[in-house]
Structure formats: C-alpha cells, structure tokens
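Trainee: Quick one: this structure, given as structure tokens, is what I'll be asking you about.
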Amino acid sequence: MFDFGKWTSAFNDLLLGTGMADWLAVLIECVIIAVLILGVYTVLALFYILYERKLCAWFQCRLGPMRVGRWGLLQVFADMFKILIKELISLKGTDRFLFKLAPYLIITSSVVMLACLPWGNGLQIIDWNIGIFFVLAVSSVGVLGILLAGWSSNNKYTLIGAMRSGAQMVSYEISLGLAIMTIVVMAGTMDISKLVLEQADGWFIFKGHIPAIIAFLVYVIAATAETNRGPFDLPEAEHELTAGYHTEYSGIHFGFFYLAEYLNLFIVSGIASLMFLGGWMPLHVPGWDGFNMVMNWIPSPVWFLLKAFFISFVIIWFKWTFPRVRIDQMLAFEWKYLMPFSLANLLLMTVCVALGWHF
Amino acid sequence: MSDLKEQILKIYPDAVFEEGECLQVNVAEKDWFAVAGSLKNELGFDVLSALVGMDWGESLGVMYYLTSTSRQWTVIAVKVMAESRDDAYIHSVSSLWKVANFQEREAYDMFGIKFIGHPDMRRFFLRNDWVGHPLRKDYDADPALNPIRMDDETNEDETRSFSLDADGKVVENPGKVFEENEYVVNIGPQHPSTHGVMRFRASLDGETVKKVDVVSGYIHRGIEKLTEKMTYPQILHFTDRMDYMSAHQNRHCLCMCIEKALGLEVPRRAQVIRTMMDELMRISSHLLSFGCTAMDLGATTAFFYGFREREMVLDIFEKTCGARMSMNYNVIGGVIADLHPDFQKDVKELIRIMPERLKEYHTVFSGNVIAKNRLVGVGHLSKEDAVNYAITGPSGRGSNWSCDCRKKHPYAVYNEVEFDEILLDGCDSYARYMVRMKEIEQSCRILEQLVDNIPEGDIRAQVPKIIKLPAGRWYQQVEASRGTFGVYIESTGDKNPYRVHFQSPCFNLVGVMDLTCSGYMIADLITIGAALDFVIPDIDR
Amino acid sequence: MGIDRIKSMPREEFKNNDYIDRLVEELNATGANVMVGKFDELINWGVANSLWPLCFGTSCCAIEFMSLGAARYDMARFGFEVARNSPRQADYIMVQGTIVHRMAPVVRRLYEQLAEPKYVIACGGCAVSGGPFKNSYCVVPGVDQILPVDVFIPGCPPRPEAMFYGLMQLQRKIKVQKFFGGVNRKEKIEEFFAEHPEEKGQIG
C-alpha cells in the first residue's frame, strides 16, 4: 500500500534542506495544511449537498438538480455564490457578539474534527495517543454553538430548538461514546493511526463479531442524532419550529450552519468507517492473497471516502424515509433503551476481550 | 313531523311554526336559552349543524339548524330574532353546543350580535380595529373607513363577555385570554405546518401545550357578502375556491340547494357523473391529506408518493373539466361538459392501481413504528365531544361517530351504490388518518360500481335563462372530503340571493384544536392539526 | 451583458421579450466595466440558479406549488426545491393566493424579513389583481399594492407549467440585472416604498 507519509516527510526534508529554522518549516507546513483542509472542507461540503439532493430525488422518484451544468453538477456552486452575497441581517434585541460567534464555533469544531480523520496511509493531520477521545471532546463544542445560536437570536422558536438540541446531543453523546469505547476496549488504543493499523488483518466489525456489530448499530443511531438529522432532526424540525435554532440567520452565517450540517454527516461517517470498517484499510481476507493484492491497488483515500459515503448514504436514507420522533420519545429511547443496551454491550465486549473470544 | 310539533309545543307552548323544506320553529329571544336546553336534552337535538347570522332588515337574528342523531337525523330550523337592531343581543348556546363557540364569534364579527353569556366575545375574521360589521345590510363599504392598514395588529390578550343586568341592559365584562406570566408561542400565520395562513397562539409549559387560542381570518375574503350582489350562476365559482380539495362536493352542494329551491330534476347521467366526480375528489383530497400528514411528521418521501397518485386523479379532472384545480364543473341543473372519452379507462386504471399503492403507503409511513408512536393516542377526541363540536367527516368517524351524510341523507346516486361507512374507535390522530386511508378504498368501490354503468342521456336539465329562486330559505348538506358541508340560501324572490351562508366542516374542525391539543406536546399540535386536516380558506371563506 | 448571452434560456422560447430588452437597454445606458461586468455575470448566474422559495401560500395556488415540487414537475431540476421556512434564508416570496386586509401587514413583514437580494412573484389571479374576490370589503386588489412585484403569473390557479414559466422569467430578469452599480434594483425598491409611504409598516 502506498504510504503518503513518504511525501510528507520528503516535503519536510526539502524545507529543512534549504537551511530554514525548524519553527519556520513547521509554520509553513501548518499554513499549507490549513489551506488544504479548508479546501477539502468546502469541496466535501459542496459534494455532500449535491449528494443528498440527488439521493433524496432518487428516493422520491424525481430527478433532482438537472439544469445547472451537466446533471446539475454546478448547482451547488450557484448556491454557494448566492449565499456568499446574501445580506447579513442583524437584529434588534439580539446579543450581537454571541449571535455572530455561534456559526464560527460550529464550523471550527467540525474543521477540527475533520483534521483528525485518517484520510489515507500516512495522511493524518492530528495524530496522538488520545485521538478518538479528542474527537469526542471537540464534537461537544458544536453543541455550544447551537445553544448560543438559539439563545442569542432572541426568538422563541430558536430557543426551543436550541434547548432540544442541547438535551439531544448531551444524551446521545453517551451512547456514541460507549459505542466507541467498545471498540477501544477491543483495540486497546485510542490512537487513530494505530486503530487503523490494528484492522489490517480484518475490520473491527468482523473481528469483534456480535458486540462490534451491536456497537456499530448503536453508533449509527447515535450519530444520526448527533448530527441532528432525521428522524432526530428536532432542533431544526422544519414543520414545528420553522428552521429551529438557525431561524434568524441569513447569508453566509446560515451557510456555515448548512455546511457544518453536511460536514458533520461526513465526519460521523468517517469515524464510523475508522472504528468499524477499517478506516483507509482495504478489505483483506486472510488467506486470499490475490484478492488482497487487488484490494491494495486501490488507493487508501479512495477506500476511506467510499466507506464514509456509504455510511452517509444509510444516514441520508434514514432521513428521507422515517418520520420525526418527538422530544420525549427521543429522550426516552436514549435513556431507557440505547444507553443501558450499549453499557451491557461494553460489558460483553470486555468479557470477550478478557477471554480472548475475538479474532 | 306533526309528532315532533307536539313535542316541541310541550316544551315550548309559544312556539310558532313556519312551513318550509324542514320544520321551522320561531322562538322569542327571551325564551331561547331555556328552549335550546330542552331541545338538546329532552328532544335529543344533539348536533348544531349550522348557525347562520341574519339581517332581516327590521332586526338582526340567527337561524339555527339542529340535527338529532337519535331521530334518524331529523333536521329542524330555529329562528331567533334579536329584540332590537341597534343593541342586538341573543343568548349564547355555546355552553350547550360547544360548536357554537366560534360560530357565535363569527356572527358577532359579521353582524355585531352580542351573545349573552359567551365567554370570549372577540372578533373572529376581521382585524380587531375594523370599523363596522360587513354582513349587515347597512354596512358602509367606504374604503376610507377600512383602508389597507399596514400597521401590525395588536395581540388580543384581553377579551370580553356580555351579560344582562337587572334592567335588561347589556353589560360588558372584561376577561383574559392568557395570563401575564404565560409563555405564549405564536404559530402562524406564516408557518409551514398550519396548512395555510392559520394562526395559533399556544401557551406552553415546557414543551407541553396548556391552551391554544385560534386566531383566524388571514384569508377571510368575504365570500358571503360578495354573493349577495351576484346572480345564482355567478356565485357557483366561489365554492371551488373555499375548500379547494372538495371543489366538486362543495359546488355539488350549492347546485343541489338551488335545484331544490327551483324544483329542478337533474338528469340521471349528470347525477352519476357528479357522484363519480365527488368520489374522485375525495380520493385526491385524502391523498393530499396523507402526503401532508407524512410531511408534517418529517417523512418527506411519503408525501411524494401521495402526490404521484394524486396526479392521476388530476389528469382525469383535467381531461373532462379542463382544469387541474378549481374545476368549475357542476352547474345548476347538471354538469357543464360531457365526460372525456378516456374517462372510463383512466378511472379503471386508478381503481386498479390504488389498492397496492395504499399498501405501499402503509409500509412507507403508517406501518412505521415512529409514525405509530407519533399518532396513536395523540389528540384524544371522545365521541361525545365530536358530537358536541359537530366534528363530521373522517375526523368524526375516527371518534366512532357515524355521521356520513351520504348514508344519513343520501343524495345523487349514493342510495344505489354499496359502500361502508368507515368507523374507528381510536378517537386519536391515528384513527382519523386510518379512516381516510380506508375511505379511499370505499371511494374506489363506489367508482367501480358506477364506472361501467354511466347511463346515456342529457348532462344538464333545461334551466331558465334568468334564475330566480322563490322566496324562502333552504339548507342543503353534502359529505365533502372533510365532513358535512352545508349551504344555506335565503331568497326574497330576486335573482340575487338575500343571504348565502356556507357551513364548512373545517370551521368546526379548528374549533377542537384547543380541546385536542391541551396536555400534549408542541410537536403533537402539528400532528393533530395534520390529522384533523383542515383547509384554511374553507374556515375563513 | 446582452440579452442574447443568457445561456440555457433561448430567446425564442419566451413570448414577451420587450420588457427584458428594455431593462437591458436601461442597464447598459451607463456602460459597465469589463471586470465588474464579468463578476456581475457570475453572481447573477449564482443568484438566478439558486432561487430558494419561502414556503408561503394562502390558498389553492399553494397546492399547485406543492405539485410543482412533487415528482411529476419536480422544480428541483432548476434548483428551486430548497424551500426555506425562515424568510431570512429565502430568496423570493411567491405570493400564492388572496391577500386580505388582515394578512397585508404580515406579508409586508415577511418581505422585510427576507435578506437581499429578494424578489416577489405574484402567483395566481388573487395575488395579481384580487381575482374573483376583487370587490370584497377586505381583499387587497393585487399584491403589487403592498409589495414591489417582479413577476406576475396569472391563472386560477396557474398550472405548474405556468409557474415554471414565471420562475424562468424571474431568472432571466436576474441574469440581466447588475449587482454593482448601474440601475440598481435596490433603488427601485426604495422608490416603490417612497410611493407607498403611508402604508409602510413598522420594522423590528
């Protein structure tokens, strides 16, 4: 498998070879990476918007965007230009500072999470020993943005939306964390790159059999709730609260919420592929060497993206099919069923690991 | 009828009877409240079908149409006249028939009749700073008095009720809609789930709804006033634009009312065509209702499936009537155009396809555990309340109240076809939803019986060039998609009606919003509204 | 910035080109910088192809608008399907149905809540002129009395095809407008409100 680490270290050597100071080289690398990640962020978000619009059209016997560019490929660019020039409305009676801060908080948290994903062999930006723990911690910052947006808008709908969101995210974070912990127990590491390497001989969903599959299901449900997507899209429940917590935002501020929503979808799908489907690791079947060779020829970023897109597809499928749950049903589902269940599952996994009942 | 007369004389010896299409009792205002109580409790007139405010020139008054479910749906009319025109008042019957609550507010708004004892006497359709009462014959329509006011309307937290003091004078008592420390959320008039421009003010406790105040009139177009200046054929087109999802049924009702007054015999071919069109309209309406319920619950895809089949019905309409909506198809004496040659083929195709599509809807939406949890047990409306609030149509039948006008007062060819009245005893949103889905099956059944048996003949009876109704008053009901739709016409023998009143089913439906939503969550308010399925232009007219 | 350069919208498909021609003439009278012109074109292309409607319907036309979104007509093909419920995020308000006196200040408020650039379409006979209810005591005889309307779509209710035609007319109109300088749309709107001063509602 091609190791992208060779390129990055070669670039590092090149910079240092010119005789510049270490700190300057690091600074230059940081800037390049920041630009890259913002570029990837935008491209992915635009792709996801089109992806969802095309998919939902497909579910609904429609065509979806067709007129702007071939097969509507330029549709999202038109939307982007439009949103960029839209007027930013500032409102009377709002907390100006918090009102403007909220979209940036949300977008920052999702950019940081994006940086943690294992993009490919050697393509890792933030990689340290508590990687997955860090991702969970950063994801909670997004909730703060939503709460601030709802509170500072000085609107009853946004407030209800924000409160729902707070309750929902805090609750489902537990199941999400427990599902991830189940895998961490099995892998014995929180380091993202090591998590991927552990799956070289088989993805965790196969290695961990029953408890891993349960954890995967719990994760997908909790992730759907985490990203505020249907059937858990209560914070922005369109038909109850007009647009939920971002009702009062216009222009690019709304665009940030819109992008972050899609990017969060990608991020949770990415984490799912990391934790359960082997990240960028190709599908390997022990013993089938020819097959493994063929799989290895497919570049690692393609593997990662395809896995993430697949999980996103499932989550989008949920959204367009299921009706929305009610707030009390949603909380009852989490606290009465999902959380105890995933706790028991964690215990099961621990027993499995302790007794060596996994592959 | 003479039997009923005697019984009424027993409870009210001063009764004056007037001959008409149904028994009419004239009651003096001072006795009205006591008589109303006896009519309801002793003689079993438990449904207030219509309450029509009237301006008879010398005085204002109200026509009440009462129906008795225990006497084979006998209808009687009660005429109550206010004692004076300037300070007209009539005792409120909203404590007996809850449905009168909003209807009396409408009469107050339109005529300025004060209802003594009504707890909440605010305007219903017009702005609270409106000058005058438009349906009065002496209303000053000068636009300078009521210009288009662009300043925002104030929220009405204050209300009033009227009572009589010892000298028989009307006294105003202030009241409150919402207390000061209540958390009131405004829903509408521009809100995606109010299905139009309805406005609810909901007082919340956390996410639980404590009280819903309905503010209506954001699409009140004054149809009833407009009809008074028009000839009978001219007023027909308004019915298509009230409940646009029951366009055929509404227009059918108005045509029937005029035909009844004229004593006109409608050709059989036209009767069959009208019946079939009514049922197609019902299918179309219920499909839309399915789609909107699904959409309000967030299941967007189901909405598209409902609309896919609805397009088939619209195609049938388009081929025969020339329009997808607002068909303007029924005319006095029959229908305006003959059926399109493809009609039978298309209807058969629709009947063939519907059963499997209904199964698909169930799989996609109502079979889903989330949808069931959202609908089952939500928005409880007992049978007693349904009768008291006169909730007819699928919503009433979802509360196990047998109220289908097609069975109770058969019209057109409904007495010749076989179909079941769907009754479910869930009393909740799910029952209302399921009644609609099953009614689609029954409508298909009716269509199946008729599609090959459309008789040859005229599509329209001979009608005079200038239609003048004899002096008198008529009330006609049909089963529209959302319940019993009634038309009241009072004529003085002229070519324009003296008064036309449309008793729309949705008007009653919105009356139970407070009752059904209280105690449920704010998300349920949306579901309950979707399952009751009201159409706003039908409420406001 | 010529009318012939509106790609994907052949001139011969539209019957009333005079109005657009006049608009272009008016716009080009002052001349335009090439750079600014190019940038204008890009933005106009973006705005024209990403018209997000505000969910706003009062009566029958709203049901036809739903049909427009449904599978047969599918306005998603043009990128119109992102119907926003919050006026802050919508681009145009399509007034579908009668506007009565009680509703008039609400519609005006909704219009004021839209973020620039914003457009108004009067859809259906009632919104165009009051329709069959024109003589009523409480109907606004045409929404152009209270809002600066860009496109009128007649019909009762208009067929979905007619709505598409109206929306495409709006797209053409946007494609020839100028974001920077020239005869500015915003000035025209201000002019409109200056002509209807006594009706101006309170903002905020």
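Coordinate-derived values only; no laboratory data. Please read these numbers as outputs of a predicted model, since none were measured by experiment. Every residue, glycine among them, receives a Cβ derived from its backbone with ideal geometry; neighbour counts consider all protein chains shown.
Trainee: Roughly how many debye, to the nearest 20, is the charge dipole of chain B about its Cα centre, given +1 on each Lys and Arg Cβ, -1 on each Asp and Glu Cβ, and no other charges?
Mentor: So the dipole magnitude of chain B works out to roughly 1040 debye.
Trainee: Can you classify chain B as rounded, prolate or oblate using the Cα gyration tensor, where a ≥ b ≥ c are the square roots of its eigenvalues, rounded means a/c under 1.5, and otherwise it's prolate if a/b beats b/c and oblate if not?
Mentor: Because a/c hits 1.5 or more and a/b fails to exceed b/c, chain B counts as oblate.
Trainee: Find, among the trypsin sites (Lys or Arg not before Pro) in the stretch B:477-530, those assigned to loop by DSSP (not H, G, I, E, B) with at most 15 other beta-carbon atoms within 10 angstrom.
Mentor: Loop-located and lightly packed - B:Lys495.
Trainee: Can you work out the PRE-style zone for B:Lys407? Point 7 Å along Cα to Cβ, and I want the residues of the stretch B:71-91 with backbone N under 13 Å.
Mentor: B:73
Trainee: How many times 2.2 N^0.38 Å is the alpha carbon radius of gyration of the stretch B:2-177? Spell out each step's value before the answer.
Mentor: Values: Rg = 17.4 Å, N = 176, 2.2 N^0.38 = 15.7 Å.
In units of the globular-protein estimate, the stretch B:2-177 measures up at 1.11.
Trainee: Between their Cα atoms, which of B:Lys30/B:Lys98; A:Lys336/B:Lys372; B:Lys260/B:Lys345; B:Lys10/B:Lys79 are more than 29 Å away from each other?
Mentor: Result: B:Lys260/B:Lys345 exceed 29 Å.
Trainee: Report Rg (one decimal) and Dmax (nearest whole number) for the stretch B:232-535, counting Cα atoms only, units Å.
Mentor: Cα only, the stretch B:232-535: 19.1, 59 Å (Rg, Dmax).
Trainee: Each residue of the stretch B:6-21 in turn: what ³J(HN,Hα) in whole Hz from Karplus with 6.51, -1.76, 1.60 and θ = phi - 60°, glycine and Pro shown as x?
Mentor: 4, 5, 5, 4, 5, 7, 8, x, 7, 4, 10, 9, 10, 7, x, 5
Trainee: Would you please give the residues with an amide H less than 5 Å from that of B:Val378, counting only those at least 5 places away or on a separate chain, with H modeled from the backbone geometry?
Mentor: Amide H neighbours of B:Val378, under 5 Å, 5+ apart: B:Ser429, B:Tyr430.
Trainee: Let me ask you something else. Viscosity 0.692 mPa s, temperature 37 °C: give me the Stokes-Einstein translational D for the stretch B:453-503 in µm²/s, with Rh taken as the Kirkwood radius over C-alpha pairs.
Mentor: 248 µm²/s
Trainee: Can I ask one more? Note down, for the stretch C:15-196, the three equivalent ellipsoid semi-axes (square root of 5 times each alpha carbon gyration tensor eigenvalue), biggest first, whole angstrom.
Mentor: So the equivalent ellipsoid measures 27, 19, 15 Å along its semi-axes.
Trainee: Let me ask something else. To the nearest 20 debye, what is the magnitude of the charge dipole of the stretch B:92-207 about its Cα centre, counting +1 on the Cβ of each Lys and Arg and -1 on the Cβ of each Asp and Glu?
Mentor: Computed charge dipole of the stretch B:92-207: roughly 500 debye.
Trainee: Note down the nm distance, to one decimal, between modelled labels 7 Å out along Cα→Cβ at B:Lys5 and at B:Asp342.
Mentor: My value for the distance between the label points is 5.7 nm.
Trainee: Ok, one more. Of all chymotrypsin sites (Phe, Trp or Tyr not before Pro) in the stretch A:122-156, which ones are in loop regions per DSSP and have a Cβ with at most 16 other Cβ atoms within 10 Å?
Mentor: Here the sparse-neighbourhood loop sites are A:Trp128.
Trainee: Something else: In the stretch A:84-193, what trypsin sites (Lys or Arg not before Pro) fall in a loop by DSSP, with at most 10 other Cβ atoms inside 10 Å?
Mentor: Those satisfying the criteria are A:Lys92.
Trainee: Moving on. Just to check I understand the Karplus step: with θ = phi - 60° and J = 6.51 cos²θ - 1.76 cosθ + 1.60, what whole-Hz values come out for the stretch A:343-350, glycine and proline as x?
Mentor: 4, 4, 5, 4, 4, 4, 5, 4
Trainee: Taking N as the number of residues in the stretch A:187-325, what is its alpha-carbon radius of gyration divided by 2.2 N^0.38 Å? Walk me through the numbers before you get to the answer.
Mentor: Values: Rg = 17.8 Å, N = 139, 2.2 N^0.38 = 14.3 Å.
Relative to the rule-of-thumb radius for its length, the stretch A:187-325 sits at 1.24.
Trainee: Still on this model: Please turn the phi angles of the stretch B:65-80 into ³J(HN,Hα) values with the Karplus equation 6.51 cos²θ - 1.76 cosθ + 1.60 (θ = phi - 60°), one per residue in order, whole Hz, x for glycine and proline.
Mentor: 10, 10, 10, 10, 6, 7, 10, 6, 6, 5, 10, 10, 9, 10, 10, 10
Trainee: How many lysine pairs does the stretch C:15-196 hold where the Cα atoms are under 29 Å apart and the two sit 8 or more places apart or on different chains?
Mentor: Lysine pairs meeting the criterion: 28.
Trainee: Please list, or write none, the lysines whose alpha carbon is within less than 26 Å of the alpha carbon of A:Lys307, excluding same-chain residues fewer than 8 places away.
Mentor: Result set, ordered by chain and number: A:Lys6, A:Lys54, A:Lys194, A:Lys207, A:Lys319.
Trainee: Continuing with the same structure: Could you list which residues have their amide H under 5 Å from that of B:Phe124, counting only those 5 or more apart in sequence or on another chain, with H placed in the peptide plane?
Mentor: Residues meeting the criterion, in which the H sits 1.01 Å from N, are B:Asp109.
Trainee: A further question on this structure: Roughly how many whole Å is it from the C-alpha centroid of the stretch B:499-519 to that of the stretch B:260-327?
Mentor: Here the answer is 22 Å between Cα centres.
Trainee: Taking each pair of distinct Cα atoms in the stretch B:305-372 once, what is the resulting Kirkwood hydrodynamic radius in Å?
Mentor: Value: 13.8 Å, from the Cα pair sum.
Trainee: To make sure I understand the rule: partners must be aspartates and glutamates, Cα under 15 Å from the Cα of B:Lys319, and not fewer than 8 residues away in the same chain. Which ones qualify?
Mentor: Candidates past the 8-residue exclusion: B:Glu311, B:Asp338, B:Asp342, B:Asp346, B:Glu349.
Trainee: Can you list, bin by bin at 10 Å, the percent of alpha carbon pairs in the protein assembly as shown, starting at 0?
Mentor: Pair shares across the bins are 2, 10, 18, 21, 19, 14, 9, 5, 2, 1, 0, 0.
Trainee: Taking all pairs of different Cα atoms in the stretch A:1-139, averaging 1/r and flipping that mean, what Kirkwood radius in angstroms comes out?
Mentor: That comes to 18.8 Å for the stretch A:1-139.
Trainee: Give me the one-decimal nm value for the distance between modelled label points at B:Asp86 and A:Asp127, 7 Å along each residue's Cα-to-Cβ direction.
Mentor: 9.5 nm
Trainee: Then there is this: If you find the alpha carbon centre of the stretch B:413-468 and of the stretch C:50-67, how far apart are they in angstrom?
Mentor: So the two Cα centres are separated by 30 Å.
Trainee: Taking R0 as 41 Å, what FRET efficiency do you get between A:Leu88 and A:Ala200 from their Cβ-Cβ distance, rounded to the nearest 0.05?
Mentor: 0.25
Trainee: Taking the Cβ-Cβ separation of C:Glu12 and A:Trp317 as r and a Förster radius of 35 Å, what is the calculated FRET efficiency to the nearest 0.05? Walk me through the numbers on the way to the answer.
Mentor: Values: r = 43 Å, r/R0 = 1.22.
Working from the Cβ atoms, E equals 0.25.
Trainee: Any lysines with Cα under 18 Å of the B:Lys137 Cα? List them, leaving off those in the same chain fewer than 8 positions away.
Mentor: Straight-line reach from B:Lys137, under 18 Å: B:Lys114, B:Lys225, B:Lys229, B:Lys495.
Trainee: Okay, moving on. Hey, how much of the P(r) for chain A falls beyond 28 Å, as a percent of Cα pairs?
Mentor: When all Cα pairs of chain A are counted, 48 percent exceed 28 Å.
Trainee: What number, in nm² with one decimal, is the all-direction average of the projected area of the convex hull of the alpha-carbon atoms of the stretch B:231-330?
Mentor: Over all viewing directions, the stretch B:231-330 projects a mean Cα-hull area of 6.6 nm².
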